[in-house]
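A.B. asks: If you scroll down you'll find the structure; I have some questions about it.
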Amino acid sequence: MKVAIIMGSTSDMPVMQDAIDILRGFDIEIEVDIVSAHRTPEKLFDFSKNAHNRDIKVIIAGAGGAAHLPGMVASLSPLPVIGVPVKSSNSIDGWDSVLSILQMPGGVPVATVALNGAKNAGILAAQIISTADKCVLDKVIAYKEGLKIKVEEGAKAVKQ
């Protein structure tokens, strides 16, 4: 089972790297590509309509500015899509990207994470994969336990 991580341009890569890193940490196979909704629409259509035929189970799509990529992918693919709004150089403090991804019409859902929240997109994708893969489920459980331990250690340090 694979997770596809796509983005509108190479400038999104520093943000999307967090999703790549977290999924590699869960030993989930990934496919990474640049798919621009506006500059490569034919590639977007081909990718979206055929991703499920390549053992991809979840698509993470990051985009800035008008941020049409996640919604367009969701309109064409039967797979769950997680949108990552990216604060780009032409962005209005990232709000344009957040709202473009968040405000999808009924029938075309996109799970949306926080601005530049690719790490959470990776975790959510792993959780989706874990519903059908016990090995990934065990890794997600261990990851969450690690978060708990880190907070408990921080609380002890504060009290000293």
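Since every read-out is calculated from the coordinates, none of them should be taken as a lab result. Note that the structure is predicted; figures quoted are calculated from it, not measured. Note that each Cβ is placed from the backbone with ideal geometry, even for glycine, and that neighbours are counted across all protein chains shown.
A.B. asks: What's the angle, to the nearest 10 degrees (0 to 90), between helix 118-130's Cα axis and the longest principal axis of the chain?
C.D. replies: 80
A.B. asks: Here is a further query. Counting only other residues whose beta carbon sits under 9 Å from that of Lys119, what net charge do I get with K and R as +1, D and E as -1?
C.D. replies: Residues near Lys119 contribute -2 overall.
A.B. asks: Provide, for q = 0.20, 0.24, 0.25 Å⁻¹, the log10 of I(q)/I(0) from a solvent-free Debye sum over equal Cα point scatterers in segment 1-67.
C.D. replies: At q = 0.20, 0.24, 0.25 Å⁻¹ the computed log10 ratios are -0.79, -1.07, -1.13.
A.B. asks: Any of Lys119/Lys139; Lys57/Lys87; Lys134/Lys156; Lys2/Lys150; Lys2/Lys87 with alpha carbons more than 22 Å apart? Name them for me.
C.D. replies: As for pairs spanning more than 22 Å Cα to Cα, those are Lys57/Lys87; Lys134/Lys156; Lys2/Lys150; Lys2/Lys87.
A.B. asks: Let me check the size of segment 29-105 from its C-alpha atoms; what are the radius of gyration and Dmax in Å?
C.D. replies: Both quantities, over Cα of segment 29-105: 12.1, 37 Å.
A.B. asks: A further question follows. Taking the Cβ of Glu152 as the centre, find all other residues whose Cβ is under 14 Å away and add up their charges (Lys, Arg: +1; Asp, Glu: -1).
C.D. replies: +3
A.B. asks: In nm, what is the difference between 0.36 nm times the number of residues separating Thr10 and Glu153 and their Cα-Cα distance?
C.D. replies: Extra length from Thr10 to Glu153 when fully extended: 47.7 nm.
A.B. asks: Here's something else I'd like to know. For segment 151-160, take each phi angle, set θ = phi - 60°, evaluate the Karplus expression 6.51 cos²θ - 1.76 cosθ + 1.60, and give the result in whole Hz per residue in order, putting x for glycine and proline.
C.D. replies: Karplus-based 3J(HN,Hα) across segment 151-160 equals 5, 4, 5, x, 5, 5, 5, 5, 6, 7 Hz.
A.B. asks: Along Cα→Cβ, 7 Å out, is where each label goes; now give me the distance between the ones at Met1 and Ala66 in nm to one decimal.
C.D. replies: 3.5
A.B. asks: Could you order the peptides 49-59, 134-144, 149-159 from most to least packed, using the average number of other C-beta atoms within 10 Å per residue?
C.D. replies: So the order, starting with the most tightly packed, is 49-59, 134-144, 149-159.
A.B. asks: Something else: Could you give the length gained by full extension between Glu31 and Ser89, i.e. 0.36 nm per residue of separation minus their alpha carbon distance, to one decimal place?
C.D. replies: Going from the current span to full extension adds 18.3 nm.
A.B. asks: At a 10 Å Cβ-Cβ cut-off, how would you order Glu29, Glu145, fewest neighbours first?
C.D. replies: Glu145, Glu29
A.B. asks: Hey, what number do you get for the chain at 222 nm if only DSSP H runs of n ≥ 4 count, each worth -39500 (n - 2.57), divided across all residues, to the nearest 500?
C.D. replies: The helix contribution divided over the chain gives -15500 deg cm²/dmol.
A.B. asks: Given a cut-off of 24 Å, what percent of all Cα-Cα pairs of the chain lie beyond it?
C.D. replies: When all Cα pairs of the chain are counted, 34 percent exceed 24 Å.
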